[in-house]
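Bear in mind that the values in this text are calculations on the coordinates, not laboratory data. Treat the numbers as computed from the prediction; the structure is a model and nothing was measured. Quick reminder, even Gly has a Cβ in these numbers, built from the backbone with ideal geometry, and neighbours come from all protein chains shown.
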Amino acid sequence: MRRVSFDVLVSTLQQQRQSAERTIVAVAGPPGAGKSTFSRKLAGALPNSAILQADGFHYDDALLDEMGMRHRKGAPDTFDVDGLDVMIGRVGRRERVFAPTFDRRLEIARAAAIEIDAERQYVIVEGNYLAFDLPPWNRLRKHFDCVVFIDAPRDELERRLVQRWTNLGLRPEEVRRHVADNDLLNVDAVLSQSSNFDFVISG
């Protein structure tokens, strides 16, 4: 593991691409680290890229209600990790896939929202737990040619998460409860249980 600049990362991935038909890059990190923004920037720097969101594999709110887990949406055990495993495997075999995305404003996953065709040279998989050391998440590591971890100071992550929920229209007391009782628990889980990565980038 080493800390690198964005330009060094792009150059390294382009060199790896010379010996591979397709490069699958995982972008991991805690909530609020800027993974989505970083993934879009990386996709813009790498030719013929696509982004696959792990958040598209969130359990639906109705199912979380049945499980009594709605208040912990976004925790490691609130995702269809097996489904994500299968999807990334299909991507690795260069199959044409239609993948879900996550609509944060509506808090729902949209099925078959993006197409990843066989010609894509780079596929960037983005999610909190892609460098997680614990099962079932650690089973995903076999799919990735490179894992990049985005980090930021915990107090900065908290500030960004408060701003995220405020921008989405939650009342101040709802924001405080959501961040303290869910988001920061997930932040701490990612920071304490992630080590399965190749590079670190400051978010």
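Scan the strands (runs of 3 or more DSSP E) fully inside region 109-203 and keep the ones with 2 or more residues being touching a residue at least 12 places away in the same chain (Cβ under 8 Å) and either out of contact with any Ser or Thr (no Cβ under 8 Å at 6 or more places or on another chain) or surrounded by fewer than 18 Cβ atoms within 10 Å (Cβ to Cβ) (or both). In region 109-203, 146-151, 199-202 are the strands (runs of 3 or more DSSP E) which contain 2 or more residues that are touching a residue at least 12 places away in the same chain (Cβ under 8 Å) and either out of contact with any Ser or Thr (no Cβ under 8 Å at 6 or more places or on another chain) or surrounded by fewer than 18 Cβ atoms within 10 Å (Cβ to Cβ) (or both).
Could you please find all residues in region 34-51 being in contact with an Asp or Glu (Cβ under 7 Å, 6 or more places away or on another chain) and either surrounded by 15 or more Cβ atoms within 10 Å (Cβ to Cβ) or of a type in the set (A, V, I, L, M) (or both)? Walk me through how you get there before you give the answer.
Filtering region 34-51 down to residues in contact with an Asp or Glu (Cβ under 7 Å, 6 or more places away or on another chain) leaves 35-36, 39, 48, 51.
Residues satisfying the conditions are 35, 36, 39, 51.
Given (1) outside any strand (DSSP E or B); (2) in contact (Cβ under 8 Å) with a residue 40 or more places away in the chain; (3) over 23 Å from residue 189 (Cα atoms), where does residue 24 come up short, assuming only one miss? The single condition residue 24 does not satisfy is (1).
Taking the conditions exactly as written (under 19 Å from residue 128 (Cβ atoms) and in a helix (DSSP H, G or I)), does residue 51 satisfy them or not? Even if it seems obvious, please write down each step before you answer.
Numbers: under 19 Å from residue 128 (Cβ atoms): yes; in a helix (DSSP H, G or I): no.
Spelling it out, it is not the case that residue 51 is under 19 Å from residue 128 (Cβ atoms) and in a helix (DSSP H, G or I).
If I ask for residues that are surrounded by fewer than 20 Cβ atoms within 10 Å (Cβ to Cβ) and not aliphatic (A, V, I, L, M), which ones from region 6-33 would you list? Once the filter is applied, which keeps residues that are surrounded by fewer than 20 Cβ atoms within 10 Å (Cβ to Cβ) and not aliphatic (A, V, I, L, M), region 6-33 yields 6, 7, 11, 12, 14, 15, 16, 17, 18, 19, 21, 22.
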